[in-house]
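Report on the structure given below.
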Amino acid sequence: MDESVEVPVDVVVWRAPGPASFPEAAARYAELRSSPLGAFEPAVAAFVRELRRTSPDPASPVSWDDALTVGVDAVIVHVVWPGRRQVLELVALLASRYGLVCFEPARQVAMS
């Protein structure tokens, strides 16, 4: 893919009892996209707090608040910045730190 023309991608982070397969992750992503959003699960809350303390792109007018859809036990991160690979790596690192599953639907990759 031409890195100069990056399109926004979603990455989904949630608490799960074990590693997620692609079909499980895809089903959870579809469920989250269609469900009402509410309060935090503790590990997800800690993930969101730490993510918000970082800067995805200091020069961008888009903040984490604009890019996060937060649910009861999950977060959809709308990665809209140039250099998205670094942002995706940060999200995956923090998700791993808090024992959360990280799913990138565009690449069909689930990480735990």
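For V70, all conditions in the list (1) within 20 Å of A26 (Cα to Cα); (2) within 11 Å of the chain's Cα centre (by Cα); (3) at pLDDT 85 or above hold save one; what is the number of the exception?
Unmet for V70, out of (1) within 20 Å of A26 (Cα to Cα); (2) within 11 Å of the chain's Cα centre (by Cα); (3) at pLDDT 85 or above: (3).
Given the structure, is L100 free of Cβ contacts under 8 Å to residues at least 12 places away in the same chain and not acidic (D, E)?
no
For region 73-83, check the following and say yes or no: at least one residue is within 10 Å of the chain's Cα centre (by Cα), closer than 15 Å to V13 by Cβ and surrounded by fewer than 19 Cβ atoms within 10 Å (Cβ to Cβ).
There is at least one residue in region 73-83 that is within 10 Å of the chain's Cα centre (by Cα), closer than 15 Å to V13 by Cβ and surrounded by fewer than 19 Cβ atoms within 10 Å (Cβ to Cβ).
If we scan region 31-39, do we find a residue that is outside any loop (DSSP other than H, G, I, E, B), at pLDDT 80 or above and open to solvent by less than 30 Å² (accessible area, probe 1.4 Å)?
Checking region 31-39: not a single residue is outside any loop (DSSP other than H, G, I, E, B), at pLDDT 80 or above and open to solvent by less than 30 Å² (accessible area, probe 1.4 Å).
Looking at region 63-72, which of its residues are part of a loop (DSSP other than H, G, I, E, B) and surrounded by 14 or more Cβ atoms within 10 Å (Cβ to Cβ)?
G71, V72
Kindly provide the set of residues from region 89-108 that are farther than 17 Å from R28 by Cβ and open to solvent by less than 10 Å² (accessible area, probe 1.4 Å), ordered by number.
L94
The values are calculated or read from the model by the stated rules, or taken from the named source; none is laboratory data. Note that the coordinates shown come from a computational prediction; the quantities given were computed from them, not determined experimentally. No Cβ is skipped: glycine too gets one built from the backbone with ideal geometry, and neighbour counts run over all protein chains shown. Ligands, DNA and RNA are stripped out before the accessible areas are found, and what is left, the full protein with its side chains, is counted by its heavy atoms. Shrake-Rupley method; radii C 1.70, N 1.55, O 1.52, S 1.80 Å.
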